[in-house]
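The values are calculated or read from the model by the stated rules, or taken from the named source; none is laboratory data. The structure displayed is predicted, hence computed values, not measured ones. So basically every Cβ, Gly included, is an ideal-geometry build from the backbone, and we count neighbours across all protein chains shown. Heavy atoms of the whole protein, side chains included, go into the accessibility calculation; ligands, DNA and RNA do not. Shrake-Rupley method; radii C 1.70, N 1.55, O 1.52, S 1.80 Å.
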Amino acid sequence: MQKQRYREISWPAVAALALVAFAVTLGSLAAGQSESKAQASSAEKAQTKVVLLGTGTPRPYPDRSGPATAIVAGARAYLVDFGPGVVRRAAAAAEKGTPELESTNLKIAFLTHLHSDHTAGYPDLILTPWVMGRTELDVYGPEGLEEMTKHVLEAWHEDIEIRTKGLEQRHALVVRAHDVKPGVVYKDERVTVTAFRVPHGQWPEAFGYRFDTPGKSIVISGDTSPSEEIVAHCQPCDVLIHEVYSPESVLVMPDYKMYRAKYHTSTSELAEIANRAKPGILVIYHTSGRGPNGRIPDDQLLREIQKTYHGKVVIGHDLEVY
């Protein structure tokens, strides 16, 4: 009788213990899966890098090449703009630890607008990697890019002829230029690229771009006055790369204040944009203008922005990685 009662009492206890153990196991599995997902997300973020190849303006500062930014996702590199010095800056970035930016890997590029400081490196981007062995190049941008590409190839026609038909026996130079409209302009297994219009003075078409990779969302403004499109495309975004000028800067041109207001974004205007867009980090590039005493220091630009914006913000420099 006692033995039977022991069994009657014990089976429910055993069942309860089993349920507890099962719950603990499920909890451990869930925790492990959550940790694995977090690790995978972190790894994906690490696989996406923003490399500032050129952070300058038309003014030829030796430490700031013309505007050019690289988004590196896994083993692929994607350029935005190709200002003066773009290929050599990419080679410098490759030497500093981003081999994806070797010249022969520069196969996909996007253009914000046709201003000379953003395009003067285009012949270099077309020709130098080709001479080094690159097989093809695809470039996407606003209307006028296809025509510009045709004229670059015509200007270097004799060089191309000698390299392909002479002793070098180079393969054919393949450049595909695409005039695109706002929307998704490019997609592969690594990235989706969305173009959107921004206001840049008298330019009929200027673009900003959003890059979505498995690990990061990145928005780059191009040259623009304050834009609602920037805010809309960076909600949310991990990185916002944006141009800026200080209200204290001056230009040698008639009515430069009106020019500034129509073509570019001031530090106070950018602070307002960032407060609304709330990027993970705000990276400043294309810092325009000089003050009464020469080049406006980085810390002054930061102070002006941080008067009203208290998120993470940095002044970008050539070859920095984010």
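Packing here is the average count of other Cβ atoms within 10 Å per residue, and on that basis the peptides 110-117, 245-252, 65-72, 146-153, highest first, run 65-72, 110-117, 245-252, 146-153.
Calculate the FRET efficiency for S116 and H317 from the Cβ-Cβ distance with a Förster distance of 30 Å, rounded to the nearest 0.05. Provide the component values of the computation, followed by the final result.
Values: r = 22 Å, r/R0 = 0.74.
Using R0 = 30 Å, I get an efficiency of 0.85.
Report note on the peptides 206-216, 134-144, 187-197: ranked by the mean count of other C-beta atoms within 10 Å, highest first, their order is 206-216, 134-144, 187-197. Counted over segment 68-200, the DSSP beta bridges are approximately 45% antiparallel.
Electrostatic bookkeeping for I160 treats Lys and Arg as +1 and Asp and Glu as -1; over the other residues with beta carbon under 12 Å from its beta carbon, the sum is -2. Shown is the FRET efficiency for Y259 and A232, computed with R0 = 35 Å from the Cβ-Cβ distance and rounded to the nearest 0.05: 0.85.
Note that segment 166-172 has calculated 3J(HN,Hα) couplings of x, 5, 5, 6, 5, 5, 4 Hz, one per residue in order, obtained from phi through the Karplus relation 6.51 cos²θ - 1.76 cosθ + 1.60 (θ = phi - 60°); glycine and proline are x.
With all protein chains kept in place, the per residue accessible area of the chain amounts to 50 square angstrom at a probe of 1.4 angstrom.
When the pairs K278/K312; K107/K187; K187/K278; K257/K307; K187/K216; K278/K307 are compared against a 19 Å limit on Cα-Cα distance, K187/K278; K257/K307 fall above it. When Cα Rg over 2.2 N^0.38 Å is calculated for this entry, the matching label among (1) 1.33; (2) 1.16; (3) 0.93 is (1).
Cα axis of helix 2-47 to longest principal axis of the chain: angle in degrees, 0 to 90, nearest 10? The two axes meet at around 10 degrees.
Expressed to the nearest 5 percent, the antiparallel share of DSSP beta bridges inside the chain is 55 percent.
In segment 134-237, what percentage of the DSSP-assigned beta bridges are antiparallel, given to the nearest 5? Can you show the working numbers first?
Details: 14 of 19 bridges.
Bridges in segment 134-237 that DSSP calls antiparallel: roughly 75 percent.
Modelled this way, with points 7 Å down the Cα-to-C-beta line, the labels at E272 and E158 are 5.4 nm from one another.
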